[in-house]
1. Excluding GLN192 itself, what net charge comes from residues whose Cβ is under 12 Å from its Cβ, given Lys and Arg +1 and Asp and Glu -1?
2. Can you give the accessible area per residue of the stretch 83-151, in Å², using a 1.4 Å probe?
3. What nm distance separates the two modelled labels at ARG177 and VAL14, each placed 7 Å from Cα along Cα→Cβ?
4. Given a cut-off of under 8 Å on Cα pairs at least six residues apart, what relative contact order in percent is computed for the chain?
5. What's the local net charge at ALA218, with K and R +1, D and E -1, over the other residues with C-beta under 12 Å away?
6. Rank by packing, highest mean first: peptides 24-32, 7-15, 187-195, 85-93, with packing defined as the count of other Cβ atoms within 10 Å averaged across residues.
7. Using a probe of 1.4 angstrom, how much of the accessible area of the stretch 83-151 is carbon and sulfur, in percent?
8. Which value in nm describes the separation of the simple spin-label points at ALA35 and LEU76, placed 7 Å from the Cα toward the beta carbon?
Amino acid sequence: MLAVHDLTTTYGAVTALDGVSLEAPAGQVTAVLGANGAGKTTLLRTVSGLVRAQRGAVSLEGTDITRLPAERMTGLGIAHVPEGRGVIAELTVAENLRLGGLHRRQGSEPERLERVYELFPVLGDRSNALAHVLSGGERQMLVIGRALMARPRVLLLDEPSLGLAPRVVAQIFALLRTLVERDGLTVLLVEQNATSALSIADRGVVLGLGRVVATEPAERLAADEKLRHAYLGF
Ligand code: ATP
């Protein structure tokens, strides 16, 4: 389990996270929801060591990992897929994937590639294509696949649905669920698209202006009209 306790992160005078506590139980999808500026991206960046927490703690299976540098996180089994779908456009799909496995060699590379292609057959079909020809949805699969090459225990995913057609979002989210069921992966999924995220999540955490305003099983959160109107816009 990944646990965050009383996490506070500031950018100069801006307090982006203000005493956030939450848990992402092992083998589950925990969705972190909230409006623009609620602190969702900052939460993932603080957990993965890209920005420094002012206060509070992050632990993985009971071990304190607060303020470890980002490059140590891969070795611990934490993979962060930031928003923006950054790939190396002039490398092929397979070359991009291999980059994801460089720092954590668990199992042979062909075996790890095979598992990614099993999950995302379209990446296998296009393994020799240059990344810049991929569609937005394929790129999103590529960045998730690249993170999986490190065989993580915990996947931190930032806004994978952004800008994608609903059909593609549904496809990617269904694959994520398969992955969780198949490998027992722990997922912390940051999304503005609350409906899609809650459809595959076990639990939901709602952030409002850097604070946790609700933590509920996904189904209950999706049914909570007041909360949805106030914080989730649907
Ligand atoms: P979005 O969906 O727009 O990415 P978010 O919920 O992920 O929103 P954050 O990006 O974490 O929210 O931002 C939280 C707060 O921190 C906002 O007020 C934002 O303006 C501020 N912020 C984020 N990054 C920085 C930065 N590098 N410097 C200064 N302030 C920042």
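1. -3
2. Roughly 48 Å² per residue, with all protein chains present.
3. It works out to 3.5 nm between the two label points.
4. Working: 470 pairs, mean separation 67.2, N = 234.
Answer for the chain is 29 percent.
5. Around ALA218, the charge tally is -2.
6. Descending mean neighbour count gives 187-195, 24-32, 85-93, 7-15.
7. Ligands and nucleic acids excluded, carbon and sulfur reach 49 percent.
8. 3.3 nm
The values are calculated or read from the model by the stated rules, or taken from the named source; none is laboratory data. Every value quoted in this text rests on a predicted model; they were computed, and no experiment measured them. Cβ coordinates were reconstructed from backbone atoms using ideal geometry, including for glycine residues, and neighbour counts include every protein chain displayed. Ligands, DNA and RNA are excluded from the accessible area calculation, which covers all protein heavy atoms including side chains. Shrake-Rupley method; radii C 1.70, N 1.55, O 1.52, S 1.80 Å.
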